[in-house]
Amino acid sequence: MPRGHFGSAGASIDYGDATDLFPVDELDATVLQYRDAQLALDDVDGADVIIIAPTSLATSYRLTQHALTALPVESLPPAVQAQLDEEVEERLDTFELIQIGKWNTDSPNHSLAEFTSA
């Protein structure tokens, strides 16, 4: 089951338009991953989050396999902020975080036998 702000995000940027964010390990910015990213995303309203959206099956697979990552907008280098600012309708500094990857939770394991009596 997906969690996070994919349904409530204030804006999205197509994967191909966010190339300056990849690879995240090489960014000169605060990079929150895994549990730290979950906690940061829990603390903000969805309207204050920009998600990186897939544009094809390949980019969807890439983002699903990517560790959940939250990037505070104000920590991004000015050149990256300027490039991303062109990709969103509102000013980039009105957002708090950029979410990369999906936040998945465990879902109940169902047996096909449950559906035979329907």
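Points to keep in mind about this one:
- Accessible area in square angstrom per residue, segment 1-102, 1.4 angstrom probe: 54
- In order along segment 27-33, the phi-based Karplus estimate (6.51 cos²θ - 1.76 cosθ + 1.60, θ = phi - 60°) of 3J(HN,Hα) comes to 6, 8, 7, 6, 10, 9, 10 Hz; Gly and Pro are listed as x.
- Estimated distance in nm for a label pair at Val88 and Thr64, the labels positioned 7 Å out from Cα along Cα-to-Cβ: 2.6
- Dividing the convex hull volume of the alpha carbon atoms of segment 3-62 by its residue count gives 100 Å³ per residue.
- Linear extension gain, Glu74 paired with Asp14, 0.36 nm per residue minus alpha-carbon span: 19.6 nm
The values are calculated or read from the model by the stated rules, or taken from the named source; none is laboratory data. It should be emphasised that the depicted structure is a prediction, and the values quoted were computed from it without experimental measurement. When we count neighbours, we look across all protein chains shown, and the Cβ atoms used for this are built from the backbone with ideal geometry, even at glycine. Ligands, DNA and RNA are stripped out before the accessible areas are found, and what is left, the full protein with its side chains, is counted by its heavy atoms. Shrake-Rupley method; radii C 1.70, N 1.55, O 1.52, S 1.80 Å.
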